[in-house]
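Below is one structure, written out as structure tokens, with a few remarks after it.
What follows draws every value from the coordinates through simple rules; no lab data is involved. Computed from a predicted model, the values in this text were never measured in an experiment. Note that we place each Cβ from the backbone using ideal geometry, even for glycine, and neighbour counts take in every protein chain shown.
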Amino acid sequence: MSDIELRSVSRWYGNVVAVNDITMTVGEGVTGLLGPNGAGKSTVLHLIAGFLAPSRGEVTVGGRPTWRNPGIYRTVGLVPERDSVYAFLTGAEFVLATAKLHELADPAGAASRAIAIVDMAEAQDRRISTYSKGMRQRIKVAAALVHDPQVLLLDEPFNGMDPRQRLHMMDLLTRLGAEGRTILLSSHILEEVEQLADTIQVIVSGRLAASGDFRAIRRLMTSRPHVFLVRSSDDRLLGSALIGRPAVTGVELTTGGLQVRASDFGAFSRELAGLARDRSIRLRELLPEDESLESVFAYLVES
Amino acid sequence: MSVDQGSRGGSSGLASTEAGVIHDIGYRRYTGRRLGRAQIIRALFWHSLRSAYGLGRGAKAKIVPVFTFVIMCLPAIVNAVVIARGQPRLVPYDTYANQLRVVVMIIFIAAQAPELVSRDLRSHVLPLYFCRPLRRMDYPVAKLAAFITACLALIEIPLLLLYVGTVAQVHSGSAVWAQTRALIPGLLVGLMWAVLLAAIGLALASMSGRRAYATGSIAIYFFLTWILSGILIAVTQRNVMRTVLIKPPPGAPAPPGAPAGPGGTFQAHVITQVPTTATHLVGLVSPFTTLDGVRQWLGGTSTGPVPGVGSYGALYGAMLLVLIAASLGGLASRYRKASTL
Amino acid sequence: MSAPLTARAGEPFAEPDRGTPVIETRALTKRYPGPVTALDALTVRVEPGITGLVGANGAGKSTLIKILLGLLEPTGGQAAVLGGDCQRDGERIRALTGYMPEHDCLPPDVTATEFVTHLGRMSGLPPTAAKERAAESLRHVGLYEERYRQIGTYSTGMKQRVKLAQALVGDPRLLLLDEPTVGLDPAGRGSMLELIARIGAEFGISIVVASHLLGEIERICDHLVAIEAGRLLRADTITSMTQASQVLLIEVDEGTDRLLAELARRGLEPRAYERAVLVRLDGDETYDAVRDAVADLGLPLNRLEQRRRRVEELFRDTQGSQDDPMPGSQTPEASHVG
């Protein structure tokens, strides 16, 4: 197994506690690591990549500690945020050098496979200094994949990529995740994390604020009524019917439709269709307004 | 009652009753004067001139400008004291206190040229200038004009102080006129100094965004060439032995072993340093000695670091122009390449 | 398009009325030694409003911006901004345009007030106006007491706001924003996007936002210009690119299989799609049938919406991609010049 595990991990620098008692497990598939700037996401990634030692607790990959253990680099590939490539090398040379550093049996073959996966075969013989930002990102991913790692850590991997490159990279990561690899992806672009990741880990001020499927997380926020937007053939009538139900705490008529706040999300969603039918109201649209990853994240950061 | 602010694009949607008012503080268009390129360049000029003297930038930035300015004025002050005591003027206008001036200018330029150009390069702010109604070359032109002005102030104000200090003690119109006639060439020499040194300093500073490198390269270039020229001037001179006749004062004994000459004089051998052709030319190595060479070529009589230019005066003039042109060229190419939007 | 691109030399040009495009290019080409072709006969009109500029790689985007600002001569073709020719009227265009670069461009040892005021002077504002407009711009972008601190102490979000404030200080008619949300966390992105939308809607300034993030373009832009390999890929309104299709999506929290069966029983030909169900929308009766099916089964209804096209589809290699399986075929839309 190549699970990433953090057990009661803290990391501090003098008085600054960057990571505060985090226990989390990252299994196979794509997991999103989210958090505001300065929350400790990069620290967590560096701990997992073995660049930092935890001040307390244990960080393991596949059961083996990451600190002072160069062996884990056989299983772990890292795509860091900053430019960490030698600009004077060609793309091919850089990936080949990485392959050799990993002491692979067939570095040239591995390198060309990795370059093909990220679709950089055409530009591989040009110097990295001539690459656009998106191309540099892709070559970094190739270097991280060259040794076929089970675990992949990516810090803002889509930075600088144009839409086509992004879609391509997202397809790639989905595929790699489906193959059973453990992929941990740190990103601020929530709409992409929403599409890619099955689970998320949210870090706020050094603490782990939430884990899991973000929809499930939203359901757990019972103190916050769910907000929906309904468009129907008679919003006012529907609104008056809904406000009569205990599951609904508020309705508001807006230009976009009927906004409904439901304290009991489950009851509301079961009752809506029936209520509409009983009054011969046609339902045209029902949209949850705060169930997106963006809303869930905002709520987690707020509280 | 409903109050509608309705401010779209800055229209005046002011709402009021006797009881209360809501003011429109939305976005306002600018309908005033827009200044042209010339005035923008002028604004950049003044802004840069102020940076050269550390104005508007906190106390630390003023240390070098103030310090150098005070030091530069000292000879003028000393001279005023000397004159007040009735002694002849100590400090000439055209060379001033040459050694001091060299050192002070090196310090000022090495410290302040980076303030004007290296900072902007380091913070990559140039695109924000070039996306404005300014042309690419306006930026270095404004910066150079400002720095020349800054150096000019540092050189000429002490000269003027020298003049005022001298003239204040003098009582006849013709003496004042004599002082004025001596001052003018001094000011012209000062102008040459300002133009050449500012151009070189700014060109060197514009090669690097890092202050340390900029300051270092300027200081090293000026100091090294200055020292080198001094050494070369000394070693290229020839020792020449000459026979002179000396007459000891009455009552003094005769110098031992000296052959007698006519009329109570005695022969003596004197070794003097005489400039050779090489000596006349090595001054081209340093901007400071180049300036001195040009001064002498144009008729300056005070003694300076260069012991005569012989027939090579024009070369010094040419060198001056070459150095200025190279600096301008360096600046121009730097700012043509710079700035990737 | 036989009408001249721009006003004649010497004629005043300024406020774009509803009809004038804020940016217009015709067969604009730029080749560098290499041979690198950054722009290849690009012909596009950008209307007033908020326009997203997408897809251009680094060389194409920065080349286009330099040409539009009159800082670079094209190899061929013409370009006009706010009715003025980019080559001939460059200075005037730069006086009326605000530019927010993508990269770091702020000095750390100056306060925001001093910095924006100085750049206001560089835009041609007289001293007092520069001070006043700097203060106003900083207020509009949401920088209050912080403006008296040195920029080196600012967070990324605050620095982006300073960059935006300096673009606004000269009262531009057009704002060019290059990746304004890069480096911002989700909260920061949200406020920056809100700010940009507000500027576009309330300040009467046309905006071009260069971005790789289609989500944010869909969110705040009215139009889209997509450039690929130096050529125009598509120019269109966001509305027409996110048109509703004749497919209805239904999502229930549980019992999806039972819903599929019930809808099939009612003759709607449903298809499973991720966690939801798709049916063809054949008039209003479909809505009622769906409602009744859900009500009969007592299922928790989570989402009901007409599927829309997404801007992202433009960049999918295959037409009718795996992202969007619609019952019935969908003909590929031809690229057209908007």
Problem set entry | Taking the convex hull of Cα positions in the stretch B:104-250, its mean projected area over all directions (nm²) | 15.9 nm²
Seminar exercise, completed: Listed by chain and number, the aspartates and glutamates with an alpha carbon less than 17 angstrom from that of B:K337, same-chain partners under 8 positions apart left out, are B:D120, B:D138, C:E73
Exercise. Taking every pair of alpha-carbon atoms in chain C, what share in percent sits in each 10 Å bin, from 0 to the bin with the longest distance?
Worked result: 5, 22, 26, 21, 14, 9, 3, 0
Problem set entry | Farthest positive-ward along chain B dipole, Cα basis, beta-carbon charges - from B:Y93, B:S229, B:G20 | B:G20
Problem set entry | Per-residue mean of C-beta atoms belonging to partner chains within 10 Å, peptide A:257-263 | 0
For this session: Could you work out the Rg to Rh ratio of the stretch A:6-78, with Rh taken as the Kirkwood radius (inverse of the mean 1/r over all Cα pairs)?
Result: 0.94
Problem set entry | Rg [Å, one decimal], Dmax [Å, integer] - the protein assembly as shown, C-alpha atoms | 37.7, 146
For this session: Please give the per residue volume of the convex hull enclosing the alpha carbon atoms of the stretch B:201-284, rounded to a whole number of Å³.
Result: 162 Å³
Exercise. Under the Karplus relation 6.51 cos²θ - 1.76 cosθ + 1.60, θ = phi - 60°, what is the ordered set of whole-Hz ³J(HN,Hα) values for the stretch B:163-179, x standing for Gly and Pro?
Worked result: 4, 4, x, 6, 4, 4, 9, 9, 10, 10, x, 5, 5, 4, 4, 5, 4
For this session: Let me know the Kirkwood hydrodynamic radius for chain B, please, with Cα pairs as the basis and the value in Å to one decimal.
Result: 24.3 Å
Exercise. How far, in nm, would the chain grow between A:S292 and A:W12 when pulled straight, counting 0.36 nm per residue and subtracting the alpha carbon separation?
Worked result: 97.5 nm
Exercise. Using r as the Cβ-Cβ distance of A:S240 and C:R275, and R0 as 35 Å, what FRET efficiency do you calculate, to the nearest 0.05?
Worked result: 0.65
Seminar exercise, completed: Quick note on A:F214, B:F266, ordering by fewest other C-beta atoms within 10 Å, gives B:F266, A:F214
For this session: Just rank A:K140, A:K133, C:K66, B:K247, fewest to most, by other beta-carbon atoms within 10 angstrom.
Result: B:K247, A:K133, C:K66, A:K140
Seminar exercise, completed: Computed for the protein assembly as shown: size of charge dipole around the Cα centre, +1 on C-beta of each Lys and Arg, -1 on C-beta of each Asp and Glu, debye to nearest 20, value 5020 debye
Problem set entry | Projected label distance in nm at C:T156 and C:Q246, using a 7 Å step from Cα toward the beta-carbon | 4.6 nm
Exercise. Expressed as a whole number of Å, what is the distance separating the alpha-carbon centroids of the stretch A:161-198 and the stretch C:105-138?
Worked result: 41 Å
For this session: Can you spot the aspartates and glutamates whose alpha carbon is less than 16 Å from A:K41's alpha carbon? Ignore those fewer than 8 places along the same chain.
Result: A:E5, A:D21, A:E81, A:D155, A:E156, C:D185
Exercise. What chymotrypsin sites (Phe, Trp or Tyr not before Pro) does the stretch C:112-216 have in DSSP loop regions with at most 11 other beta carbons within 10 Å?
Worked result: C:Y144
Exercise. For the stretch C:51-106, how big is Rg over Rh, using alpha carbon atoms and the Kirkwood form of Rh?
Worked result: 0.97
Problem set entry | Calculated P(r) of chain A - Cα pairs past 26 Å, % | 54 percent
Exercise. So how do A:K100, A:K41 line up by other beta-carbon neighbours within 10 Å, fewest first?
Worked result: A:K100, A:K41
Exercise. Based on the Cα atoms of the stretch A:6-133, what semi-axes does the equivalent ellipsoid have, where each is the square root of 5 times one gyration tensor eigenvalue, given in whole Å with the largest first?
Worked result: 32, 17, 13
Exercise. On average, how much area does the Cα convex hull of the stretch B:250-341 cover when viewed from any direction, in nm²?
Worked result: 10.8 nm²
Seminar exercise, completed: Taking every residue of C:309-316, the Cβ atoms of other protein chains inside 10 Å of its Cβ average out to 3
Seminar exercise, completed: In whole Hz, the Karplus estimates of ³J(HN,Hα) for the stretch A:293-301 (6.51, -1.76, 1.60; θ = phi - 60°; x where Gly or Pro) are 4, 4, 5, 4, 4, 4, 5, 5, 6
For this session: For C:G230, enumerate residues with amide H under 5 Å from its amide H, sequence gap 5+ or separate chain, H modeled in the peptide plane.
Result: C:N57
For this session: With only alpha-carbon atoms counted, please give the Rg and Dmax of the stretch A:133-249, in Å.
Result: 20.2, 63
